[in-house]
Structures are given as C-alpha cells and as structure tokens.
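What follows is a set of notes on a single structure, which appears directly below.
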Amino acid sequence: MNVREKSPEGMRSGSFSCCVLEAARAAGVKIAEPSAADALAFLEYGQELMLKREAMEIFWRKNGFGRELIRGFIPAVQPRHYRTSSKRKAAFYRGHFRLGMGYGRGIADDGALLEPETHGRIYACLRKLLNGPRFLESAKSLNFCVIRGDEQETALIFNVFRANGDVVRNLRLLGKETQAAVPELKSCFMLLDPTRSGYYLESSAREGRDRMFKKFFGPGVLAQRSGNLKLFYPPEAFSQVNGAMCGPFASAALELLSPDPDARVIDLYCGYGLLAMKAAETVSSVIGMDWEGPAIRAAISNAAHLFPGKNIRFQTGAVTGEALRCRLPLPREEKEFFLLDPPRSGAGNDVIEAVAARRPRRVVAIFCGTDNMPPALRHWQANGYEVTAARVLDMFPGTLNLETMVRLEHL
C-alpha cells in the first residue's frame, strides 16, 4: 500500500502491537492506521496470519520465553464479518441523527469489515427510522444501539439513559419495524443506564450502576455451539466476540489442560459455562466461579440441560484470592486442574497466589490481552509454576490482537 504509516498513539514500546508493526516493516507491509480497531482488515488473511505469527515469536522472544513452547497457532475459522457483538454510539451530528463507531470529533458510520452483514443492515434501517418524525423523541433518549448474534439470528438492545411510557412504546415499535425490514432480527430489548456510561452488558451491574433490562419481544436467550454442545446465554451477558471460534477455543483449552477422567476441573471466570461444559464431557467433577448475574445463571441452566445428574456446580461472586480460599472445597492436588479465562485486564496476583497455593497439577491461563501475559507468567513462576506449553488462537482477525493459552505446571 502506498500510504504513510502513522505512529499509533499510546502504543507502548515492546507491546504486542509494536511487535506486529515490527513484523510488518520487515515484510514491507504498511499499516496505515495502527490504532484502528480493524487495523489489519485491509490485508489478505494469509498475509495477516503470517504477520501475527512472526509478531508473536518476536514478543515471546523479547519476554524471555522459548519459541519451542508454542504448540500450535490456530487460525480464524471466519477471518472477516465474524463479530457476534457490535454497538453504535447515538448522537446528533450536523443536524442529523447518527449511529456511529466513534466519539468526540466525529462519528464514523461504518468500518464494519469485521461485523456480519446483517448487523450493517439493521443499523442502516435504524438510522433511517430514527431520523423520521415518529421516532425522533425516542432517538434523543438513546445512548447506544447494540446487536448480539450472527448472520442468522440476532438480538437488538436499545441502551437508553432515560425512559418513560412514550419512549418504551416507541422503541418497541421501532424494534418491530426493524424486524419487518430485517427478518434475521429475532428479539429486542431495552437497557436503561441513566449514567450514560460506555457499559452496555451485565458489567454495568458489576460496577454498581443502576440499570433495568426489559424484553420487548422474541427469545430471551441466544445460542452458541461448541462442537456437539449447544449452549444458551442471555443477550446482556458476555460471550466470545468470535462465535465461530468458540468450538476451537474450548477444544484447545481442554487439550492443553489434559485433565484425568477422575479429576476435578475448576473454571474461574466461567461466564455462561463454555469451558466448564467442555470439561464436563470428559471429567467427573466441575466447579465454575464468576459474578452473580445472568451469565452464571445461564451456566447453571446449561449444566442442568446438558449434563443432568453430573457433579457440576457453580459459585457466584467476585473471583478473588479470598473467595478462592474461603469458598472452594479442600484441594485435591494431583487430581485438580484449573482453567482461568479472565477479562482483558487479567487475573489479579491474589488469584494467582490462591490457585498456586492449592498446588493443582496443571493450570491453563488464557490471555486476551497479550501484553498482560509476561507479568502474570512471572508471578506464576514466583509461586512455583513454570510454562510448559502455549497455544495461540487468532480470535480477533483483522485486529492487532490475539488470544494465548498458556499451560503451567508445578515442577
């Protein structure tokens, strides 16, 4: 590309993003907007994959880990138009109502190379209807419009900062008219968030924000397949943004963990139970832990439906070192295995210390924030655990991000 490569704002030297840029320079590839969410989407996917492989080896080497520990690089099943979650900020801009991806100086209307085509059609329909006289007053109450789901089955969430009877009635009608234009839209909801925050899923409740979630029409859950398993989760709960990769993601985690059939697997930050259900296919006992909320209630329901009578249980509450020490059963050491799939910020040191103190035979720690990996692995090492293998998954094609699974064992 004959464009001048821009320096990404706030990109820390030595970060994984910088390693991608280093690999790109070596390959003669120009990345025009490194800070963009879809910075690599303009590339042919084979070239993107090559850059990411090289960047991960650079990053791994710079942080003192042997490249031989990387046991496989799993490419994306669907490199573009894969995102099962998208959102648009609502605003009036130059006399028109807009739904855009940006903030501040202006609001871009697209940039949706990573989103399903269905999402784009729903947003286009909403823009048209919201600029009409019938829905203008309701439009003024919007914070975000959020879409969850894939090409075949989607849910629409109106995130509003104020609501009265007229707003609720008009938004329900707006959802129905959008469904008539885009039949793939199966359900519609309203989330009231008076704080006008950037939160739009159940994380707002975790932060103590006032919220009300209301269904207008359609099914109350979305479906996610993982191999032979079909799991359900509510639209306000967190789920992997790349639904097509959920099967390979869960399989890779359990293959790396390799628990014995009579083992206990403890899944921290379990969400609606994707990894816990995968573990339940092969082990005798599973414990999941995560915040009280819609996701873990879905996990309980998924377990009852998929594995009735099996020893699967869930602990609700914040995942902290204190919670692990007080609420988990006594450790089984050689017969205990841990999965950690925390938010992007990573597991806290207190969680690492509490897990390590139980001396599980094996741990698989999952990092969607690659830059958080080196300090976390050093803390694992300080607590008696060594890296014995890793797998890299391209969960976020088109972006400068990867997902990494690291196996840790007490040596």
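Nothing in this text is a laboratory measurement; each read-out follows from the coordinates by a stated rule. Keep in mind it's a predicted model, so treat the numbers as computed, not measured. Backbone-built Cβ (ideal geometry, glycine too); neighbour counts: all protein chains shown.
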Q. On full extension of the chain, what length is gained from Gln381 through Ser13, given 0.36 nm per residue of separation minus the C-alpha to C-alpha distance?
A. 130.1 nm
(Q) Using all alpha carbons of region 224-410, what is the percent of pairwise distances in each 10 Å bin, ordered from the shortest bin to the longest? (A) 9, 40, 40, 10, 0
**Q.** Distance in nm between pseudo-label sites at Phe73 and Phe307 (7 Å out along the Cβ direction from Cα)
**A.** 3.4 nm
**Q.** Cut-off 17 Å (backbone N to label point 7 Å along Cα→Cβ of Asn164), residues of region 137-155
**A.** 137-142
Q) So what is the calculated 222 nm ellipticity per residue for the chain, using -39500 (n - 2.57) for each DSSP H run with n of 4 or more, over all residues, to the nearest 500 deg cm²/dmol? A) -9000 deg cm²/dmol
Q) What net charge is computed for the residues neighbouring Ala347, neighbours being all others with C-beta under 13 Å from the C-beta of Ala347, Lys and Arg scored +1, Asp and Glu -1? A) -4
Q: Quote the charge dipole size of the chain about the Cα centre in Debye, to the nearest 20; the model charges only the Cβ of Lys and Arg (+1) and of Asp and Glu (-1).
A: 1000 debye
Q | Point-to-point label distance, Arg61-Asp262, nm (Cα→Cβ direction, 7 Å offset) | A | 4.6 nm
**Q.** Mean separation of Cα contacts under 8 Å (6+ apart) over length of the chain, as relative contact order %
**A.** 14 percent
Q.
I need the fraction of alpha carbon pairs in the chain separated by more than 34 Å, rounded to a whole percent.
A. 34 percent
Q: Treat the count of other C-beta atoms within 10 Å as a stand-in for reagent exposure and order Lys278, Lys30, Lys186 from fewest to most.
A: Lys30, Lys186, Lys278
**Q.** Where labels lie 7 Å past Cα in the beta-carbon direction, separation of Arg196 and Ser345 in nm
**A.** 2.4 nm
Q: Please report how far the C-alpha centroid of region 49-65 lies from that of region 338-387, rounded to the nearest whole angstrom.
A: 20 Å
Q) Relative to the present Cα-Cα distance, how much length would full extension add between Glu322 and Asn131 at 0.36 nm per residue of separation? A) 63.6 nm
Q: Check cross-link reach from Lys140 to the aspartates and glutamates: straight Cα distance under 17 Å, and skip same-chain residues fewer than eight apart.
A: Asp166, Asp193
Q) Taking the alpha-carbon centroid of each part, what is the distance from region 67-97 to region 247-279 in angstrom? A) 25 Å
Q. Normalised by the number of residues in region 224-410, what is the relative contact order in percent for Cα pairs under 8 Å and 6+ residues apart?
A. 19 percent
Q: Report the one residue of Leu257, Val363, Pro342 whose Cα lies farthest in the direction of the positive end of the charge dipole of the chain (charges on C-beta: Lys and Arg +1, Asp and Glu -1; origin at the Cα centre).
A: Pro342
Q. Using r as the Cβ-Cβ distance of Thr282 and Ala357, and R0 as 22 Å, what FRET efficiency do you calculate, to the nearest 0.05?
A. 0.25
Q) Residue-wise, which Karplus ³J(HN,Hα) couplings in Hz belong to region 327-343, taking 6.51 cos²θ - 1.76 cosθ + 1.60, θ = phi - 60°, and x for glycine or proline? A) 10, 7, x, 4, x, 10, 6, 4, 10, 10, 9, 10, 10, 10, 10, x, x
Q | Listed residue pairs exceeding 31 Å between alpha carbons, taken from Lys186/Lys310; Lys30/Lys62; Lys52/Lys87; Lys30/Lys230 | A | Lys186/Lys310; Lys30/Lys230
Q: Can you tell me which of 284-296, 67-79 comes out highest on packing, and rank the rest after it, using the mean Cβ neighbours within 10 Å?
A: 284-296, 67-79
